[in-house]
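Chemist: Starting off with a structure, shown below.
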Amino acid sequence: MTAKDHDTIRNADSSARAFVVMGVSGCGKSSIGAAVARALGGTFIDGDALHPASNIAKMARGEPLNDADRAPWLIEVGKALARHDETTLIACSALKKQYRDAIAQAAGKHVTYLFLDGSPEVIAKRLTKREGHFMPAALLASQFETLQPPTPPEDAITVDIDQPFDAVVQDLLAGIHETS
């Protein structure tokens, strides 16, 4: 994508929008979300930074989070979106519809979900290469058990991540452009 293409996308999406880059651990939420935010001239927030220390400690021990653990985090994710008037993307697993509803309610604005969809095999392969993250690969199965992919009437753009990084970013940008 050329700089001119980036400007075209920015101009096509002149109104501020709120996006949650979602999916299971290891799908690329942070790296892809940051790339899409740059292309849109928006702000990127890594939702992992909003987890309470108790959640990080629990996941680091290999224990999956439950709904009660996630509730305050999801509210913080929504509040982070609410604080920004410019186009903002936040990485957050947002695995269940009720989680996405909680985020949107706390945000107080319309949220579009960018779902990074991948098979357990693709994600597991990526997790084995990831270093320095608190979420162990052992919790991947629990993430897929919890996952409820977005469905209408949720506003979501789904992209298959079993393709090169740049292609995933391009597919998301194309989807965003089509819905603006």
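The values are calculated or read from the model by the stated rules, or taken from the named source; none is laboratory data. As the structure is a computational prediction, the values presented were derived from the model and not from experiment. Cβ coordinates were reconstructed from backbone atoms using ideal geometry, including for glycine residues, and neighbour counts include every protein chain displayed. Just the protein is used for accessible areas: all its heavy atoms, side chains included, with ligands, DNA and RNA removed. Shrake-Rupley method; radii C 1.70, N 1.55, O 1.52, S 1.80 Å.
Chemist: Report in % the part of the accessible area of the chain that belongs to carbon and sulfur, leaving out ligands and nucleic acids; probe 1.4 Å.
Modeler: Carbon with sulfur: 53 percent of the solvent-accessible area.
Chemist: How much length, in nm to one decimal, is gained on full extension between residue 60 and residue 31, taken as 0.36 nm per residue of separation minus their Cα-Cα distance?
Modeler: 8.4 nm
Chemist: To the nearest 10 Å², what's residue 97's accessible area with a 1.4 Å probe?
Modeler: Per-residue accessible area (residue 97): approximately 80 Å².
Chemist: Another question, if that's okay. Using r as the Cβ-Cβ distance of residue 38 and residue 122, and R0 as 25 Å, what FRET efficiency do you calculate, to the nearest 0.05?
Modeler: About 0.55, to the nearest 0.05.
Chemist: Next question. Please give the peptides 35-47, 65-77, 15-27 ranked by average Cβ packing (other Cβ atoms within 10 Å per residue), highest first, as a rough proxy for protection.
Modeler: Packing proxy ranking, top to bottom: 15-27, 35-47, 65-77.
Chemist: In whole Hz and in residue order, list the ³J(HN,Hα) couplings for the stretch 148-159 that follow from phi through the Karplus curve 6.51 cos²θ - 1.76 cosθ + 1.60, θ = phi - 60°; x for Gly and Pro.
Modeler: These are the phi-based 3J(HN,Hα) values: 10, x, x, 9, x, x, 4, 8, 9, 10, 9, 10 Hz.
Chemist: Let me ask something additional. Roughly speaking, what % of Cα-Cα pairs in the chain are separated by over 20 Å, rounded to a whole number?
Modeler: 50
Chemist: OK, next. Leaving out same-chain residues fewer than 8 places away, which aspartates and glutamates sit with a Cα under 16 Å from that of residue 125?
Modeler: 117, 160, 162
Chemist: How far apart, in nm, are two points set 7 Å out from the Cα along the Cα-to-Cβ line at residue 69 and at residue 96?
Modeler: 1.3
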